[in-house]
Each structure stands twice: as C-alpha cells, then as structure tokens.
1. Work out the FRET efficiency for C:Asp18 and A:Leu238 from their Cβ-Cβ distance, taking R0 = 41 Å, and round it to the nearest 0.05.
2. Among bridges DSSP assigns within the protein assembly as shown, what percent are antiparallel (round to 5)?
3. Distances over 27 Å make up what percent of all Cα-Cα pairs in the range A:158-305?
4. Among the aspartates and glutamates, which have Cα under 18 Å from the Cα of C:Lys82 when same-chain residues fewer than 8 positions away are ignored?
5. Obtain the nm distance between the two label points defined at C:Lys256 and A:Glu202 by a simple spin-label model: each point lies 7 Å from its Cα along the Cα-to-C-beta direction.
6. Using a 10 Å cut-off around each Cβ of peptide C:137-149, what is the average number of partner chain Cβ atoms that fall inside?
7. Taking H as built 1.01 Å from N, whose amide H comes closer than 5 Å to the amide H of A:Asn126, not counting residues under 5 places away?
8. Within a 10 angstrom radius of each residue's Cβ in B:94-100, how many Cβ atoms of other chains show up on average? Whole number is fine.
Amino acid sequence: MNHLTLGKKRAFSLWLGALSIVFGMLFSATPSLAASPSPSPSTSTEQLLIKGTIKNEGEPVAGVSVQITGNGVDAKATSGADGKWVLEVATKGVYKVEILLDSLPEGVGLRDPETTVREANLTATNTAAVLFPLGKDLRVVQPIGDQIIVRVFSGLNLGLLLAVAAIGISLIFGTTGLNNFAHGDMLTFGALFTYLFYVVFEWPLLIAATATIALSALFGWSQDAALWRPLRKRRLGLNQMMIVSIGFSIVIRYILLLVFGGETKVISGEFEAVVIGPINTTVNSLGSMGISVITLAAVALFLTRTRIGKATRAVSDNTSLAASTGIDVERIIRIVWVVAGALTGLAGILYGLQFQANWMTGFQILLLLFAAVTLGGLGTALGATVGALIIGMVVEVSSLIIPTDLKYAASLIILILVLLVRPQGVLGKKQRIG
Amino acid sequence: MDWLNIGSLALGELFSPFTATFILCALGLSVHFGYTGLLNFGQAAFAAVGAYGMAISVLTFGLPLGLGVLIGLLASAVFAVILGIPTLRLRADYLAIVTIAASEVFRYFMTTIGFAKVTGGSNGLSQFGEDFWAANPFAEGTYGFGPFMYRADELWIRLVAFSIIALGAVFVWLLMRSPWGRVLKGIREDEDAVRSLGKNVFAYKLQALIIGGALAALGGMVFVVNLSNVQPQSWGTTFTFMIWTVLLLGGAATILGPIVGGMVFFVLLSVTQGIMSGLVEIGALPFLTLPQVGQIRFLLIGLALMLLVIFRPQGIFGNKKELQFNG
Amino acid sequence: MANEISIGAAAPGCKKVDPILVADNVMRQFGGLTAVNVEHVEIPRGQITALIGPNGAGKTTFFNLLTGFDKPNTGSWTFEGKNLAGVASYKVARLGMIRTFQLTKALSLLTVLENMRLGAQNQPGENFLRALIRPLWSKHEAAITVKADDLLKRFKLDAKREDYAAGLSGGQRKLLEMARALMSEPKLVMLDEPMAGVNPALTQSLLDHIKDLKKNGTTVLFVEHDMHMVRHISDWVIVMAEGKVVAEGPPAQVMKDPAVIDAYLGAHADTDLGTVAINVPGKAGN
C-alpha cells in the first residue's frame, strides 16, 4: 500500500485524526485512516489477510517465498511480479511469518539479517502487513571477532536510542514517583507522527521531525495538565497512579490503532549504506547515534548547569525539601513532562527511521526501558543512560550465544538477576532506613 | 438491532469458561494484591505456567490429565518461588516491574523455536484434554433454557470450571478469616510493623504468592482445556491487565468481588460490542468498521481501568473504608 | 558518683550490675557518613532507660540496628546472652525484644482488636495449613482476645475495639502500638519517641503505662526528646551525639554533665534543660 500517492483529502483527514489524539478529543467526529486505506480489501466481509511487499532498493522482487505458521495454519506465499504476496487465513490471532532465505535472488539479503521471522498480529485488525526490507546479502560467515564488533555496534545503537527514551521515564519517576507504563506509547506516538508528516505529507525530514518533537512535547504537557496533575491534587497513591498509567497506555495504543491502522509502517525510505570495517550500517543509523549522543549530552548539561536542571535534581532528591527552599515543584514537574515528551518523541523518530513501527512498537520496548531505568537505579538520569547502554548491549550481544528470538528475554533476565544482587541498581544509592 | 440476540449473547458470557478463567485469575490476584498488597503484574504467566505444565506433562511425558493438573499447580508454585525470592524483599513497584518482565520472559521461552519440540513454539500445543472430555458424564444432547442452552460438553466444562471457582472461593474465605489471613492483611498495611511483631513477613508473602498463583494456574488450565490448545501469544500483558480490571471492578479484598466482577465485565463487554456492531451495521456510526468495534472494546477496558482506580478503587463490593491502596 | 545500676561510677560505656542487652563496636555508615559508632553500651535489666541526643545523633538508626531492621557494617550485640548480630528482625521480636516506631505503624485498615490479636505470639492459626481448620486455633484465639480486651481496657481503648485503626487519633495510635507490643509479653520494650505527636491530655497516661511496665518486670528502652518525660520516669539516661555514646548515668547527674549540655543543646546552652522540649517530627534519621 503506497501512502505517498494519497490525495490531499486523505491527508487532511489524517491530520484531523492526529489532532484528535493530541487534544484528547473524541475520535467520533473524525474520519479514520484505517477505515478506508486505499487498496485494502473491503473490511466488512471479515476477510483476514496477511500480506507484504518484497522490495530491493525500491524495486519489487518476484518469486520470494514466506512461510506463515500459527493457529493451525502452515502455508507458503510467494511474491508476484509487483513484489506483493498475500495469504488469507481463517482465524484471528498472531501468526509467524518467516522469509525463506533460499528463495531470495543471488546477492540479495535481508537488511536486518537477524530477523528472518516476523509476527503478523491479526488479533485486533483484519489485515496485517509484514515487511522484510532487502539489501546486500550479508550472509557471509564473518570471523567471530568481526561478529562481536558488529553486535557491539548494534548494541551501542540500540542502547543510545533506549537511553533517550529512558531518561524521560527516569525524570518522571524521580520527580513524581510515578512508574509510567504509558511511556512506551509516547514513543509510538513519535514514530507514527513522523510517518504521518514525513511519509504521508511528504514534508522534509527536518520539518517533520521538528513538528513531531513539538507535538510530543505538547502531548507530554497536556498529559500532565489533564491527567497526572489533577491526580496528584487528589493525592492518589503512587501504586494507583501506576495502574492508571496502564489503563492510559491501553487507551493511547488503541486510539493510535484506530487512527493509523494496524499495518507496520516503513518510515526509513532509502538511505545510503555505509561500510566501516566489518560493520554494515546506514546513514540514518549513524545519524541516529550522533543525535542520541548530542541529546544525552544536552540533557546532562541541562541537569547539571542550568537553574531549572538543578531544581529538577533537587526535586528528585527530596521533594518536600526542594519545595521548602522555594522551588516551584509543580512547575518543575510540568517542565519534566514536556522534556520527557519531547525526548521520547525524538526516540520514536529515531526508532522509526531505523526500524519499522506500528501501534504496538512502544509497548514492546517499554519493558526494555523499565529494565534500563531499574538497572541504573530508579530516578537518576545518569543511571538510566548507563542502564540503557547495558540493556542495548545485552540484547544485541547475547544473540551471539543464544537464539535471536530470546534476546529480549536475556535483557529481562539480566534485570531480575541484578535486582537479586544489587536492588538499588548499578548506580543507585542504598536507601537509608529510619 | 437485534436486542434479543445481544441480550442472550451477553447472558451467555455469565457462565462461559472464558469468564471462569478470569474469575479464577482475579481470585488469585485478590490474594496477592487485595489481601497482601503485592503488585503482581505477571498473573498471566502464572496461568500460562499452569496450562503449559499440564499440557507438557500429558503430551511429552504421557501422564494422565489428573496428574498433569497437579504438575501444573506444582509448576506455578515453583514459578512463584523463583519470582518471589529476588523480589519479595524489595519495594512494591520493583515487584510490579519484575513480575511483568518475568511473565514476558516466560512467553518468549514458550515461543522460541529452540524449545518447540516440547512447547510447540508459536503454534502451541493441542490434544492434551482428551481425558477431560472422555470423563463427561452427560449424554449427548442439549441442556438448559433460554440463553443458557448448552451441549453436553459445554455443560461439562462449565460445571467443572464453576465448581473449581466455588471451591477456590471457599478456600480463600477460610484462609482470610483465619489468623493467617490477618497476618497477610497486616503486611498489606505495613510490613515493618508486622515484622516487629515477630512474623516472618517474607514467608507469608511467598505463601500468598504461591496460593494466588495456583488459583491462576487453575484458571489457565480451564482456558486451554476449553480451547483445546495452548499458545504463547494468549498470555501477553493484555491478559494480565484484563485480570486487574476484573478484580478492581469487583473489589480487591473481597471473595465475591472477583466472581461478580468477572461476570459483569464480560457481560458489559458483550453488550457494548453488540450494540456498537449493531449501530455500525445500520450505518449509525459511519466512521467505524466492524473490526474497529473490536478495537474500541480494548480501548474501553483501558478507560475502565483508569476510571475505576481513580473514582472507585474499592470496586462494586469493596468496603469504602477498606480502600486497597497504599503508597 | 555511685549508683545501684552501674558497676562503679557512671561513665560512657560503663558496665551494669545486670545488663539485658550488651552491644559492642556497632558501626553503621551511609555512604561516607558514620551514623552510628557505639563502642560499648549495656542496657540495665528491669529499669527504664532513656536514649537521648540531638537530631541526627543516630538514636533511631541504633534502634533499627539492634532490632534487625538495618544491618551494621561491623559490630555484635547480645540480648540475654544470645548473640543477635545478623538475626532477622522477626526473630529478634520472637526472643522478647519488641520495638515501636517513631512514625506510628498502626495497621490502619485492621480493626483495633485485630491489631491487638496480631501482636500475640504462637497463634497456631497463623500457620497456613492449620488456618483452614478453625477448631485448631479457635481456643487460642479466644484466649488472645481476652488478653487483648484486658490490655485495651488498661489503655482505655476498649470503646474503640471494633473501629478501624485508621479512625484513631495520633495519640491513640501510639497507645495502640504500645498495647500491641505488650500482647507478646516482651522482656524488653523499645519505644521510639512514644511522646511525639501525643496530645498533652494523653501524656500522663502514657507515662503511667511505661511505669507500669517496669512494675511488671519489663525492661524499657526509649528514645525521647521531651526532657520532662526523661527526668520523670527514667532510671538511667544514655546520651548519644554524632553516633557515639557521649554520656550516661542517672538522669539528675546526666542533666548537669557539661559534655551533654555541649553536645545536646548547642545554641540553647543557657536554657534550663528541664524546660526544653524539642519535638521534631519528620523522617530524618535521629
């Protein structure tokens, strides 16, 4: 499905749909994207489809096969001359789609060679798109030293990205004590709005990104103003707030699903490949890492050098003490929500540009973010950064030893083990009792 | 709109095995959270461990189903111990994050191709419940009246599921009126105080985790025996959050809460789904499609969870004074 | 100066005629800060001992260490000759050394009576399997209830028997916490600021309760800021400052000790000690 050809009218309705989220308006008045995606089949017949398009450097590739399994189905689909493949299934559920590497043309491989199996989630939607971006075949057996370098590089990339998102969680936890389960969905928000601005509206990347960040910051601010601040005023307990954030996360996720539909979006476009020694990467991955580093440095400077940053740390350290020294705690919290929204939106952009994104993306990353924040020691921004880098490394490097489909499990197990040995996290201070 | 159909479908949810699953899981969560104050966000994993424990003992080890059930329960207890030892000494929100992480880890392990020989991978397992259906004492035919018309096997699983619920509820009631239950409630209020009175708080928390987990494991078994298969993707975080909604709807530290909460939850879901689908079909909601109605269902669950916690944390049955939240 | 409690003259770390609790080299550091560093201290049996000192002297931390709620970096201590270092807090309580907390820990959503019952030891119904069968614990429960009602009457809480503890006033909660601690007939009661936040009308009855404890043979150790209380009811005073024991002795003697005035009062040095009541609520460790 090619959204680049969408008419002005469609773009307008998308914009409306987007607005409806930002301002928390009822979605009822706005036409919805998923209701009428251009070439998608009529949805009222309850036809369940798993489909995708195989493209290499923008050109469709024919004759590539995928194996679809799950819910009693075990079938093969092969791409046609337009690169498209489709399979109809009978029951809702989650299916596994595996690209059969042998069916790829000579010299062509997956851009992400780790991921030969992807999920098609048909629990809430009637069509699921599964995409396997292709590129140069990387399936040459590399010496172990090179493999380690490649993995460490990917780990660093993922870790930096997680760090940008995790700082928001950490700042919010530090200043308000809230474990925000809706944080992952703020990342999804960033990724999907980048898709809207950059892919659908065809805005230049810089403008699209700026708009997304501004919108994410606004989302952070309005979330605090409309939900969290009133709840703090009601003196709702922190555990209660945590459960509210779970409910809120579900609400955001399904609004995003209603507006954007369930298909996985490719935002990256075609970026130049870069080869550094054994590492095959792209311009946007390198750019993403650069931006992450700059952002993290900027946050560090903000927290240590500026008045507001210092006040933020004071509030994290001891809220009542900070308040008694004349710091306007509510104002700091408001700023923290705006900063957290912007940072997490940025993480969404960076994630979307490198990988694919759909309505579930952020929630799938959420646990990695929690793992990062907990590992580093709850409530410290530096800790969150260190934790995120550790988690990124564990996820990527662990797949040298264990199956790729367990790499997320590895990072969560590390979390549990660290808590066993050092409950205050890697950098956290032991709490004083009494 | 076919109100009769909507009504009868909704009433059909009252005693469905699906409802029974969530009631059992919520009853277990009531022991964890309602009575002991443990923020367990991995209840789905306890159900999954029970279900997989049962299915694997039947399929891989060729054991009879009854023994499989016992092994499933044992597996959930072992899971509780593994989870409890590192976390029960920590602050409540750590427990929340670790339980949700552990439940996802378990799901990854059930999905991975590496163990597919035993777990069935993402396809899951089936045909482990034959013993159960063979033991059905009811002759072929339909039983009941009105919306409660069941085939013999449908009646059989409902009867068994709700008998387990009845036994489970009595079990929890007996425990909670005892001095043992009093210690749990004390821990919920302030564990240091209970410790200072000479109670081994850690041991009590672990016992509570095991008991609530075992109830969830039974729920998981009802779920998979009814569906005749067990798949890893069923036990995601959504499953857990639905259990929380059911519990908070009914009232956290009550026996009847989870039961009535479960029934009300699924009847309400069915009614809203029915009405909205009806409205879409007659064209009253032109901006929605039928599958989107299914999506809105989940949106409403999220909204319900938020509103319940904010405005009525004690649920339908909870005592307003005995609010179940600390911190 | 001679007295009946210590062997020889009263001095920091002096030996007692009949100590119930003996601590040696107990040190606790938080980061680089040494909160407690007690070389040697003995608590006399059957007496009322006050532990005083300025804010941040490490009194509550010392309490936490002795009762197993916190772990020291080094040190050992014995209760009735039994080594307690490294013993879990609930086991310390079972040995007969029961504490209360500075910020009252009444179990708010339990009734007053249930709070009291929870204080009892050896209730067989607190075992998971026996809990299911009522006859196995109902007799014991009845006995506990009689005892609880008796104590509630003594503490004038009998009218509140069925109320949630959340509904009690701050002072009543202090009383409840003390009464609950007595349910197990402890040998040593450790009270962390029993007077903090108690309204003056209840103060006298609290003092009487503490004197009653001594009459019944219970040893009392308490942390307090209120000098009136210290002077009126304590037999022995231990002064801590900056984590160390700086003075001890009978109250009249300690109050005159220049080291105490120095350490304790600082800016208030020219004020009569008896009139100073420094009640500083808050969570900072004292």
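Every number in this text was worked out from the coordinates using simple rules, so none of it is lab data. Note that this is a predicted model, so its numbers are computed, not measured. All Cβ positions, even for glycine, are placed from backbone atoms using ideal geometry, and neighbour counts span all protein chains on display.
1. Values: r = 48 Å, r/R0 = 1.17.
Given R0 = 41 Å and the Cβ-Cβ separation, E is 0.30.
2. Values: 62 of 82 bridges.
Within the protein assembly as shown, antiparallel bridges account for around 75 percent of the total.
3. On the way: 3505 of 10878 pairs.
Considering the range A:158-305, 32 percent of its Cα-Cα pairs are separated by more than 27 Å.
4. Excluding near neighbours in sequence, the set is C:Asp18, C:Asp24, C:Glu42.
5. Going from the C:Lys256 label point to the A:Glu202 one covers 9.8 nm.
6. Numbers: counts 3, 2, 0, 1, 3, 0, 0, 1, 0, 0, 0, 0, 0.
Mean number of neighbouring Cβ atoms from other chains: 1.
7. Excluding prolines and chain starts, which carry no amide H, there are no hits.
8. Values: counts 7, 1, 7, 13, 8, 1, 6.
Averaged over the peptide's residues, the number is 6.
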